[in-house]
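To start, the structure under review is shown below, and the notes come after it.
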There are 2 protein chains.
Amino acid sequence: MTVQTHRLKNGFRIVTENMPGLKSASVGIWVNAGGRHERIEQNGIAHFLEHMAFKGTLRRSSVQIAEAIEDVGGYINAYTSREMTAYYARVLADDVALALDVVSDIVLNPIFDPAEIEVERGVILSEIGQALDTPDDIIFDWLQEVSYPNQPLGRSILGPEERVSNFQKPDLSTFVSENYSANQMVLAAAGAVDHDELVRQCEEIFGDLIARNQSPVLQGNFCGGEIRQVKDLEQAHFALAFESPNYKNPDIYTAQIFSTAFGGGMSSRLFQEVREKRGLCYSIFASAGAYCDTGTMTIYSGTSGDKVAELANITMDELKRAADDMSEAEVARARAQMKAGLLMGLESPSSRAERLARMMTIWDRIPSLDEIVAQIDGVTTETVRNFAGSMSSGAPAAMALYGPVADAPAVEKLQARLVA
Amino acid sequence: MTVQTHRLKNGFRIVTENMPGLKSASVGIWVNAGGRHERIEQNGIAHFLEHMAFKGTLRRSSVQIAEAIEDVGGYINAYTSREMTAYYARVLADDVALALDVVSDIVLNPIFDPAEIEVERGVILSEIGQALDTPDDIIFDWLQEVSYPNQPLGRSILGPEERVSNFQKPDLSTFVSENYSANQMVLAAAGAVDHDELVRQCEEIFGDLIARNQSPVLQGNFCGGEIRQVKDLEQAHFALAFESPNYKNPDIYTAQIFSTAFGGGMSSRLFQEVREKRGLCYSIFASAGAYCDTGTMTIYSGTSGDKVAELANITMDELKRAADDMSEAEVARARAQMKAGLLMGLESPSSRAERLARMMTIWDRIPSLDEIVAQIDGVTTETVRNFAGSMSSGAPAAMALYGPVADAPAVEKLQARLVA
């Protein structure tokens, strides 16, 4: 491994990995600020801020930001999640310094011009409209809301239209001052990068940034329940969630192995039982997502309205069965999928930089591949069965339904089926 | 370049590229058979066949196919386009021979068990339902239909429900015998691969395959017109197409440079004018797609119902303006974006294998990077302006509208605005 890390005096962290043979690099800044760092009246501001980063800085107009990166053939983008906001660029080897210059400029120096705020409001309202028009997008917002009701973690990242319609410059500045401090940021870069060069540049750019304490996030409290939106759609969209380990809990590997074996690929139980044997759906999957203090095991599928009850019931039966008879072979296969997926992911500079940033945020260091592989290998059939059992023995469940879903059983009924 | 090619006696082609340092590989078979190779009564069969490849072969059941690849941590997938069907796997270095064995098995030996056909029918009907529930997916099927009406090229890949509901084993076998012959296939592999080893294996697997003539496709005839589906959605989805060069036409590079400068990134005209200045949309793009005998310049965006007329009009005004004043700087930037995008794409084994297969299909050889770069560099501001001019001087246009789109101008009115 050629991972190198460095910490500036103010707590700003730098992590790089040179990948021999590559002619491009991915460079980004990950900020420990996302949807769950918002107070209720701020809901949507982390994402609004991410948009405003591109709308002009002390040094560059909106078009100059885009042109600076695209003139050299690179691209620049950003995303906001519930715990992080990331700003990153992919460029050829010679343009790494430029990429860091532009990415840091938009993170540190946005000016929040009121006229630009008005324009960007329209863009974000359109983004919200687009999400609402996409059933297998919006259903996950509803699932999150039912999983963590009346909590920052349960709110949508885009925010409600009413709030987005009213944010002004002071709202953006407040969120920045509360969350964008030196010790909340990680610069991650992978590919054709030079560690010392990037450290030197970061010293210059971020060296004077102030370190501040960030308010701790409100502990996520998984509650469960259901939301059902009957609508005249082609498909009945079905999403289910159980609480699962947070990312610091060693059981996260058990949860990931389980989700892979249960609904992670074509050989998984859900794919085989629901799609291959019964032809009920096109898309079906299970995945284990994790936050700093909680996590969710999510299952999604879509089917016709007359089969949504069958789909929901089979999903429950399979969950129950997994607790009894998940086999050694299935667990071994899931381990192989996770390990190979890890190796393949490392061959892309973008996913490698992303992984470095996440590891630094979570662990404040980069665990070696051997460490991770040992954790994956440590997951046994018994722990996987026990994990499945923990969900099928009366744990709270959250369910979101959208489309012709009138015939779907209530979530209580599905849970009763599990423990029956 | 370490590209190596080989042709079996029956016309089956092999193209590989070893990428030093990689620990994984992408291996796939690209078949020159897609939606446009279907007669009207076959519409949807190419895609149905792709699905049935995974439902059991002479040697493996459906679950054995999935397990063979996932046991070693790899993944296997397929897609059908209008001109190609691709089956591919990504695996670690040691499993390349296994990947080829499985991928070739599903392409050459599917059994089309009638019971499995019934099950898979349900899956595909669900896939159709999912597409219909996704406005910014289904709108492109409609745009294609308006662009190439009553022609194989204009039909949807998934096919209409009525036909998908009735396909049987002989329909699948007929399509295979008409299109899946040795001279219509390319094996492409990139990453940790050994050319000689793969050639030897291909000799064994494909050596006895028969070469047959495939019926020529019906020449695509771009007509244009409009389709407007008024529906109560959040967004008014707007898609527009003009005819543009086929992939053998050297002007394809002009079309691609134009689409990049016009709507290919954040610095592009459409992004700047429609999103950055006016805040009318979240998504907006232009892209140049190409077939063997025609191509389409596609523009897409989504906005609110009260602004769809403004969006459509501005798009037209920008197209007209581009013909007059597209600048040297914009064209130079688009060239840089295309060249860097090419280099970055080459860093992924999957996209590299995909590119090798496409090049073999189109050119029957792999053009060098220098050749491609020379073509890109050969595009001048004048040719780009002329290309924009060709669209804004009365060429047929196709438009698809979906959502609250009652207020959008008719396509004839938009075209009149162009030539005004």
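The values are calculated or read from the model by the stated rules, or taken from the named source; none is laboratory data. The structure presented is a predicted model; accordingly, all values stated were derived computationally and were not measured. Backbone-built Cβ (ideal geometry, glycine too); neighbour counts: all protein chains shown.
Among the residues of region B:312-329, those identified as under 18 Å from B:Ser287 (Cβ atoms) and over 26 Å from the mean Cα position of the chain (by Cα) are B:Glu318, B:Ala322, B:Met326. Within this structure, B:Leu172 fails the test of being surrounded by fewer than 23 Cβ atoms within 10 Å (Cβ to Cβ), within 14 Å of chain A (Cβ to nearest Cβ) and either touching a residue at least 40 places away in the same chain (Cβ under 8 Å) or of a type in the set (Gly, Ala, Ser) (or both).
Got at least one residue in region A:401-415 being among the aliphatic types (A, V, I, L, M) and in a helix (DSSP H, G or I)? There is at least one residue in region A:401-415 that is among the aliphatic types (A, V, I, L, M) and in a helix (DSSP H, G or I). If the condition is being surrounded by fewer than 24 Cβ atoms within 10 Å (Cβ to Cβ) and either touching a helix residue (DSSP H, G or I) at 6+ places or on another chain (Cβ under 8 Å) or not in a strand (DSSP E or B) (or both), then region A:224-238 contributes A:Gly224, A:Gly225, A:Glu226, A:Ile227, A:Gln229, A:Lys231, A:Asp232, A:Leu233, A:Glu234.
Being aliphatic (A, V, I, L, M) and buried (at least 19 other Cβ atoms within 10 Å of the Cβ) is the filter; apply it to region A:337-362 and report the residue that is farthest from the other protein chains (Cβ to nearest Cβ). Checking each candidate, the answer is A:Met360. For A:Tyr291, the criteria (1) touching a Ser or Thr at 6+ places or on another chain (Cβ under 8 Å); (2) modelled with pLDDT of 95 or more hold in every case but one, which is (1).
Take the conditions (1) surrounded by fewer than 22 Cβ atoms within 10 Å (Cβ to Cβ); (2) touching a helix residue (DSSP H, G or I) at 6+ places or on another chain (Cβ under 6 Å); A:Ile252 misses just one of them, which is (2).
Among the residues of region B:48-78, those identified as within 30 Å of B:Pro152 (Cα to Cα) and out of contact with any helix residue (DSSP H, G or I) (no Cβ under 7 Å at 6 or more places or on another chain) are B:Glu50, B:Asn77. I'm trying to understand the selection: among the residues of region B:108-118, which are surrounded by 18 or more Cβ atoms within 10 Å (Cβ to Cβ) and either within 12 Å of another protein chain (Cβ to nearest Cβ) or among the small types (Gly, Ala, Ser) (or both)? Selection gives B:Glu116, B:Ile117. Selection of region B:106-139 for residues being in contact (Cβ under 8 Å) with a residue 40 or more places away in the chain and more than 24 Å from the chain's Cα centre (by Cα) yields B:Asn109, B:Pro110, B:Ile111, B:Phe112, B:Asp113, B:Pro114, B:Glu116, B:Ile117, B:Val119.
I need the full set of residues from region B:267-294 which are assigned to a helix (DSSP H, G or I), at the interface with chain A (Cβ under 8 Å from one of its Cβ atoms) and either touching a strand residue (DSSP E or B) at 6+ places or on another chain (Cβ under 8 Å) or of a type in the set (A, V, I, L, M) (or both), in order please. Scanning region B:267-294 gives B:Phe271, B:Arg275. Selection over region A:173-219 of residues that are assigned to a loop (DSSP other than H, G, I, E, B), more than 17 Å from A:Ala25 (Cβ to Cβ) and among the charged types (D, E, K, R) gives a count of 2. Look at (1) more than 22 Å from B:Ser126 (Cα to Cα); (2) outside any loop (DSSP other than H, G, I, E, B); (3) out of contact with any Ser or Thr (no Cβ under 8 Å at 6 or more places or on another chain) and you find that A:Ala309 fails only one, number (1). Against the test of being modelled with pLDDT of 95 or more and either within 14 Å of another protein chain (Cβ to nearest Cβ) or within 13 Å of A:Leu153 (Cα to Cα) (or both), the options A:Asn18, A:Asn32, A:Asn10 yield a single qualifying residue, A:Asn18. Of all residues in region A:281-300, those that are crowded, with 24+ Cβ neighbours inside 10 Å and more than 23 Å from the chain's Cα centre (by Cα) total 1.
Residues being surrounded by fewer than 18 Cβ atoms within 10 Å (Cβ to Cβ), part of a helix (DSSP H, G or I), touching a residue at least 24 places away in the same chain (Cβ under 8 Å) and over 26 Å from the mean Cα position of the chain (by Cα) are represented in region B:363-381 by at least one member. Working only within region B:168-184, note down all residues that are of a type in the set (D, E, K, R) and closer than 21 Å to B:Ala357 by Cβ. Once the filter is applied, which keeps residues that are of a type in the set (D, E, K, R) and closer than 21 Å to B:Ala357 by Cβ, region B:168-184 yields only B:Glu178. Residues in region A:305-328: is at least one closer than 22 Å to A:Asp377 by Cα and within 12 Å of chain B (Cβ to nearest Cβ)? The answer is yes; a qualifying residue exists.
Taking the numbered list (1) assigned to a helix (DSSP H, G or I); (2) closer than 24 Å to B:Gly28 by Cβ in turn, B:Ser126 passes all entries but (2). Checked against the criterion of being at pLDDT 95 or above and farther than 30 Å from A:Ala25 by Cα, the candidates A:Ala334, A:Ala353, A:Ala374 yield just one match: A:Ala334. Report yes if some residue within region B:392-413 is at pLDDT below 95, touching a strand residue (DSSP E or B) at 6+ places or on another chain (Cβ under 9 Å) and over 27 Å from B:Gln144 (Cβ atoms); otherwise report no. No, every residue in region B:392-413 fails to be at pLDDT below 95, touching a strand residue (DSSP E or B) at 6+ places or on another chain (Cβ under 9 Å) and over 27 Å from B:Gln144 (Cβ atoms).
Go through the residues of region B:397-404 one by one and say whether even a single one is closer than 29 Å to B:Gln235 by Cβ and in contact with a Lys or Arg (Cβ under 6 Å, 6 or more places away or on another chain).
Looking through region B:397-404, at least one residue is closer than 29 Å to B:Gln235 by Cβ and in contact with a Lys or Arg (Cβ under 6 Å, 6 or more places away or on another chain).
Among residues of region A:150-167 that are closer than 14 Å to A:Val217 by Cβ and part of a helix (DSSP H, G or I), those with a Cβ under 8 angstrom from a residue that is among the aliphatic types (A, V, I, L, M) and at pLDDT 95 or above, sequence gap 6+ or separate chain, pair up as A:Pro152/A:Ile40; A:Pro152/A:Val217; A:Pro152/A:Leu218; A:Leu153/A:Val217; A:Leu153/A:Leu218; A:Gly154/A:Val146. Identify all residues within region A:61-100 that are in a loop (DSSP other than H, G, I, E, B) and either more than 12 Å from every other protein chain (Cβ to nearest Cβ) or β-branched (Val, Ile, Thr) (or both); write none if there are none. The answer is A:Val72, A:Ser81, A:Arg82, A:Glu83, A:Met84.
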